Structures are given as C-alpha cells and as structure tokens.
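Please read the structure below before turning to the comments.
The values are calculated or read from the model by the stated rules, or taken from the named source; none is laboratory data. Everything numeric in this text was worked out from a predicted model, so none of it was measured. Positions of Cβ are backbone-derived with ideal geometry, glycine not excepted, and every protein chain shown enters the neighbour counts.
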Amino acid sequence: MAGDSATTAERRPIILAHRGASADAPENTLAAFRLALDQGADGVELDVWRCATGEVVVHHDADTRRTAGAALRLRRAPLRELRALDVGAWRGGAFRGERIPLLAEVLEALPGAIVNVELKAERLPDLALAAAVARVLHRAGAAGRCVVSSFDALLLAAFRAAAPAVPRGLLVAEGRTWRLRAGAGARLARPDALHPQASLVTAARAAAWRARGLAVRAWTVDEEAEVARLARLGVTALITNRPAAALAAARRAAGATSR
C-alpha cells in the first residue's frame, strides 16, 4: 500500500485509529474518524457490512442494539432504516445525531488518509460484500490508500478476486488453534499482511512474518509500554483506540531507538 511504508520521515509504526478515536467518540462514526485525524492518526480502521438494500455501511456489530438501542440486523435492514438510527447519543449529548455512515462517505470525508476496511462476517459470510467494497474503493479512487482485512479467509479470497491490486490483511486472534487458522487462511486468501492480536507478536514471529514479505499491523494497542515494545519490533502499523497517546509513545520509542 502506497501509504503504508511511512507517512513521515519518522521511523515509527503507522498509527491507525480503531473504529476512529473510539476512546473519545462514538465508534465507526464520521465524528470519530475526523477526531482521529485531528489527534494525529495516519488513518483509521473501520468495519463494514452490506445492508439489505446492498449499500456498504460502516458498523462493527452484526446488529445495532449496543450503539443505537434498537436491534436492527445490519444484513437484514434497508439503508433507510439504518440511517434513521442515532449511533452517537450513547456516548453523550455532544454526539447526538451521528448516523451510520456509508463507506463511500468515510472515504470522501478523509481524503488522503489510510483506511483499513475490515470485512465483517457472520457464520455464513456475505461473499457479495467483497465485490461491493471493491466497487466503492474503485469509484472513490481510494484503492491506493486502503487495505482490506478480515478474520474470514473466504471473504478475503473473494476480495482478492474482485480487486487483486488492493492489499489484504488476515486478522488473527489468540486461541489454541490460531496457528492452524492463520496457516489455512494464508493459503486460501494469499494476504499481503498479517493483522495479529498484539499479544501474539514476539520478536521471532515478527521477524519470520517480515521474512515472508508480510506487513504486520497489530491490534488493539492502547498501553504505552505495549506501543513501545511493538515499535521496537518493527511492526508496520498499530491499531489503537487512543491515537494521540499511541502516536506520542511511538515517537518516543522511535527517538530512543535512533539514539
């Protein structure tokens, strides 16, 4: 990805705001994404589904109970019903009126920013989501600044078929079978990057992944000591709920390493 080597002359990881500046604003809203850039993030990480009328919408959970108090399922609800929901008020009156954004709207609102688009899946993935996201990125002229990730290797493989030039990251979480899942997923999806839970990143693994030509974008990293540890290991990017604090810690770690 064009923006993934560095956005400044600093030798530090790229800072991607997890669902935007989600420690300070309602996650996956335009308010959270704009605040993340104001706090110095190089870009954002967000989650997408295809709603019942086919649009690509930005939301984490499979339904809207937690963020809007009304349990509409993303894949079964039409866009007009989803857009009628307030997904900001749960984080305070200052955010009242925030709506579920379209992926296209986020790309337009954040020109030049790196955007990590996570394809969400239930037990049976919506494979049409992959092609829909590819179309949105193409129409927005944003393919060169985006990476697409998922825990679901089938979705990533479908996205590779739809947009082979756009980088892909396989998400990996802790668990007894993570190595098997990562290996099988890599064979199926042929990703350009691994997106591991931060606790999985050791010096040996980071070196091995880089030797295989994989970018490493670790999640979700909020503690200063963990930011510093991962920065010293040379990860490509850190996904964080607190971009301002993570950026400051990464800069300190980069300064210490250069001395």
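Data for the structure
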quantity: The stretch 168-180, residues that are at pLDDT below 95 and surrounded by 18 or more Cβ atoms within 10 Å (Cβ to Cβ); calculated: none
quantity: Condition met for Ala158 (buried (at least 20 other Cβ atoms within 10 Å of the Cβ), in contact with a Phe, Trp or Tyr (Cβ under 8 Å, 6 or more places away or on another chain) and more than 23 Å from Gln197 (Cβ to Cβ)); calculated: no
quantity: The one condition in (1) out of contact with any strand residue (DSSP E or B) (no Cβ under 9 Å at 6 or more places or on another chain); (2) modelled with pLDDT under 95 that Met1 fails to fulfil; calculated: (1)
quantity: Residue ranges of helices (runs of 4 or more DSSP H) in the stretch 1-120 with at least 1 members within 30 Å of Pro164 (Cβ to Cβ); calculated: 30-38, 79-83, 103-109
quantity: Unmet requirement for Ala71, which otherwise passes all of (1) at pLDDT 95 or above; (2) among the aliphatic types (A, V, I, L, M); (3) touching an Asp or Glu at 6+ places or on another chain (Cβ under 6 Å); (4) over 30 Å from Arg252 (Cβ atoms); calculated: (1)
quantity: Any pair with Cβ under 8 angstrom, 6 or more apart, that starts in the stretch 172-201 at a residue that is part of a strand (DSSP E or B) and ends at one that is at pLDDT 95 or above and loosely packed, with under 14 Cβ neighbours inside 10 Å; calculated: Gln197/Glu174
quantity: The stretch 228-259, residues that are among the charged types (D, E, K, R) and in a helix (DSSP H, G or I); calculated: Arg229, Arg232, Arg251, Arg252
quantity: Residue match in the stretch 172-181 (condition: of a type outside the set (Ser, Thr, Tyr) and within 17 Å of the chain's Cα centre (by Cα)); calculated: yes
quantity: Residue that is farthest from Arg99 (Cα to Cα), among those in the stretch 19-76 that are surrounded by fewer than 23 Cβ atoms within 10 Å (Cβ to Cβ) and among the hydroxyl-bearing types (Ser, Thr, Tyr); calculated: Thr53
quantity: Unique residue being farther than 25 Å from Thr240 by Cα, modelled with pLDDT of 95 or more and among the aliphatic types (A, V, I, L, M) when the list is Ala130, Ala165; calculated: Ala165
quantity: Matching residues in the stretch 207-227 - criterion: being in contact (Cβ under 8 Å) with a residue 24 or more places away in the chain, touching a Pro at 6+ places or on another chain (Cβ under 9 Å) and assigned to a helix (DSSP H, G or I); calculated: Val227
quantity: Residue selected from the stretch 183-195 under the condition buried (at least 20 other Cβ atoms within 10 Å of the Cβ) and out of contact with any helix residue (DSSP H, G or I) (no Cβ under 8 Å at 6 or more places or on another chain), by the criterion farthest from Pro167 (Cα to Cα); calculated: His195
